[in-house]
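Engineer: Sharing a structure here in structure tokens format.
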Amino acid sequence: LSSTTGYQYVDDRMELDNDFLPLDYFSMGQYQKEHSLTQEFVIKAEDLGAFNLLGGLLGFFKHNNMSAPVHFKQYGIDNLILKNANDSYYLPIYGSELEFRDNHFTIEDHFRIPSFGAATYLLMGYNLSGFTFSAGLRLDYEKSVMDYNCYTQVYSKLKKDTGYTPLNVEFTGSNSIDAIELLPSFSVSYSKDWGTIYASARRGFKAGGFNTQLFSDILKDKMAQELIGNPIHTDALSTIYKPETNWTYELGTHLSPLASGALKISATAFYIDCSNQQLTVFPPGLSTGRMMSNAARARSFGVELTADYSYRGFNLRGDYGYTNARFREYNDGIEDYAGKRIPYSPEHTASVVASYNWRFNNKQLKGITLLADYRATGPIYWNEANTRHQPFYSMLGAQATLRINNFELTLWGRNLTNTDYNVFYFKSVGEEFFSKGAPIHGGIKLNFNL
């Protein structure tokens, strides 16, 4: 019987010019203080003859106080708020434009997000003539609550008038989301001296949550409507994304075909059937952030292969993965994406790493290691419509390590081919951006071991 208790405290501050443009649209801060506490009890019994047993009880509590103020500047005020109000309302009706007293204002977004959960699980195994049969069941419950308090104040008037009138816009309330899930798992394996063959099926679960980045857009739209005398009632239900569940099926093997154990081979084939898959999307129009959404159904299948060979000081390792991840059912109300590839999921990943280590029986010089690697990834589709993607790309790297006494000196280089590639894609205020991968670069690292 074992018990594990954990406590974590996070105090974080982030400042971001999140329109990513030289224009004075807006900037954002995100400040949070989070406390989390976890407790787990585990009981394990392995002396039950052919049987073995593992059970546990887990509980957690997390409390997050977060503020995410958005600071609107002159260009953002003119183009995201006043332009539509003037073109559709003030100029046609009053023959004059509305203006703000200040060239900036802040939308204050404050959140209190406590969450808690508990789980109990039991896994039983049975060994018979090289076979191991196991079955498990986990009962999981999680709940999150979001209390939000968002507000702003601006002073406005028609250009032809004198004296500014204050406008206060508020958006407050509370939402919650919870889920209770029963998660079974089954597996069977067969082991001999040459390795293991196994098959498994298990149900997985990922909790839902809240899109706090959307609140500044909600308050901005609420202000725009109140400026033209059309106050609207809204709620925060659109900011909730649902829990994700899936069934994962695996068939694989771990082999050691040589008596020396110098060669190890692993191979796995998998299929994942996912419901309410959580994915990152960007709201249409001149929105200020991204959000998590749910695709109704998605599926992924593929293979993972690994081979590792060692002989004296030489080591060669190769890895390859193939994933075909597509939406089965996903309609965002504008377009049907069924059959499209899931964004940010690389289709192919591959690597080969070769190294040789010389060891010396010398009081000063302990050893030298040379290493070279090849890594490749792609293609990666960036959006649901699959109109943006990163083609397959590859890079070379190398490093040399010299060990003298307690010192270890390493010279390393990465992307020696100077490959041009993108590692991330996002949208902000209707503009599309790519985050570039690092070009050829290298460095020196010195370690000292006491």
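Engineer: Looking at (1) surrounded by fewer than 18 Cβ atoms within 10 Å (Cβ to Cβ); (2) assigned to a strand (DSSP E or B); (3) not basic (Lys, Arg), which one does Gly163 not meet, given that it meets all the others?
Structural biologist: (2)
Engineer: Output the number of residues of region 146-160 satisfying the condition of being in a strand (DSSP E or B) and over 34 Å from the mean Cα position of the chain (by Cα). Talk me through it step by step, then tell me what you get.
Structural biologist: Initially, region 146-160 is screened for residues in a strand (DSSP E or B), giving 146-158.
From the residues that got through so far, the ones that are over 34 Å from the mean Cα position of the chain (by Cα) too are 153-158.
Here the count works out to 6.
Engineer: Residues in region 181-194 that are of a type in the set (Gly, Ala, Ser) and either in a loop (DSSP other than H, G, I, E, B) or in contact with a Leu (Cβ under 9 Å, 6 or more places away or on another chain) (or both): how many? Quick ask: steps written out before the conclusion?
Structural biologist: So the first thing to find is which residues in region 181-194 are of a type in the set (Gly, Ala, Ser), and the list is 185, 187, 189, 191.
Filter again for either in a loop (DSSP other than H, G, I, E, B) or in contact with a Leu (Cβ under 9 Å, 6 or more places away or on another chain) (or both), leaving 185.
Residues in region 181-194 being of a type in the set (Gly, Ala, Ser) and either in a loop (DSSP other than H, G, I, E, B) or in contact with a Leu (Cβ under 9 Å, 6 or more places away or on another chain) (or both): 1 in total.
Engineer: On to the next question. Which of the residues that make up region 204-255 are in contact (Cβ under 8 Å) with a residue 60 or more places away in the chain, surrounded by fewer than 19 Cβ atoms within 10 Å (Cβ to Cβ) and among the β-branched types (Val, Ile, Thr)?
Structural biologist: Listed by number, the residues that qualify are Ile228, Thr234, Ile240, Thr245.
Engineer: Only residues that are at pLDDT 90 or above, over 38 Å from the mean Cα position of the chain (by Cα) and of a type in the set (Phe, Trp, Tyr): list them for region 90-110, please.
Structural biologist: Answer for region 90-110, where residues must be at pLDDT 90 or above, over 38 Å from the mean Cα position of the chain (by Cα) and of a type in the set (Phe, Trp, Tyr): Tyr90, Phe100.
Engineer: Checking the condition touching a residue at least 60 places away in the same chain (Cβ under 8 Å) and either more than 13 Å from Glu384 (Cβ to Cβ) or touching a strand residue (DSSP E or B) at 6+ places or on another chain (Cβ under 8 Å) (or both), which residue from Leu305, Leu316, Leu258, Leu279 passes?
Structural biologist: Numbers: Leu305 fails: touching a residue at least 60 places away in the same chain (Cβ under 8 Å); Leu316 fails: touching a residue at least 60 places away in the same chain (Cβ under 8 Å); Leu258 fails: touching a residue at least 60 places away in the same chain (Cβ under 8 Å).
From the options Leu305, Leu316, Leu258, Leu279, the qualifying one is Leu279.
Engineer: Would you mind listing the strands (runs of 3 or more DSSP E) fully within region 29-104 where at least 2 residues are within 30 Å of Asp140 (Cβ to Cβ), touching a Leu at 6+ places or on another chain (Cβ under 9 Å) and of a type outside the set (Phe, Trp, Tyr)? Explain how you work it out, then say what you get.
Structural biologist: Working: elements: 51-67, 70-72, 98-100.
Those strands (runs of 3 or more DSSP E) span 51-67.
Engineer: Looking only at region 408-448, filter to residues that are of a type in the set (Val, Ile, Thr), part of a loop (DSSP other than H, G, I, E, B) and over 25 Å from Asp24 (Cβ atoms); which one of those is least open to solvent (accessible area, probe 1.4 Å)? Steps first, answer last, please.
Structural biologist: Narrowing region 408-448 to residues of a type in the set (Val, Ile, Thr): 410, 417, 419, 423, 429, 440, 444.
Now restrict to residues that are part of a loop (DSSP other than H, G, I, E, B): 417, 419, 429, 440.
After this cut, where a residue has to be over 25 Å from Asp24 (Cβ atoms) as well, the list is 417, 419, 440.
On the way: Thr417: 71, Thr419: 29, Ile440: 91 Å².
Step by step, filter region 408-448, then rank; the result is Thr419.
Yes or no, residue by residue, for (1) assigned to a strand (DSSP E or B); (2) of a type in the set (Phe, Trp, Tyr); (3) on the phi > 0 side of the Ramachandran plot:
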site: Asn175; (1), (2), (3): yes, no, no
site: Ala179; (1), (2), (3): yes, no, no
site: Tyr198; (1), (2), (3): yes, yes, no
site: Ala201; (1), (2), (3): yes, no, no
site: Ile218; (1), (2), (3): no, no, no
site: Thr248; (1), (2), (3): yes, no, no
site: Gly252; (1), (2), (3): yes, no, no
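Engineer: Sticking with this structure for a sec: Yes or no: Lys143 in contact with a Gly (Cβ under 8 Å, 6 or more places away or on another chain), more than 30 Å from Asp235 (Cβ to Cβ), charged (D, E, K, R) and part of a strand (DSSP E or B)?
Structural biologist: no
Engineer: Oh, and also: Regarding region 177-190, can at least one residue be identified that is among the small types (Gly, Ala, Ser) and surrounded by fewer than 17 Cβ atoms within 10 Å (Cβ to Cβ)?
Structural biologist: So in region 177-190, the residues among the small types (Gly, Ala, Ser) come out as 179, 185, 187, 189.
Within this subset, residues satisfying the condition of being surrounded by fewer than 17 Cβ atoms within 10 Å (Cβ to Cβ) are none.
There is no residue in region 177-190 that is among the small types (Gly, Ala, Ser) and surrounded by fewer than 17 Cβ atoms within 10 Å (Cβ to Cβ).
The values are calculated or read from the model by the stated rules, or taken from the named source; none is laboratory data. Note that the structure is predicted; figures quoted are calculated from it, not measured. When we count neighbours, we look across all protein chains shown, and the Cβ atoms used for this are built from the backbone with ideal geometry, even at glycine. Accessible surface areas use protein heavy atoms only, side chains included; no ligands, DNA or RNA. Shrake-Rupley method; radii C 1.70, N 1.55, O 1.52, S 1.80 Å.
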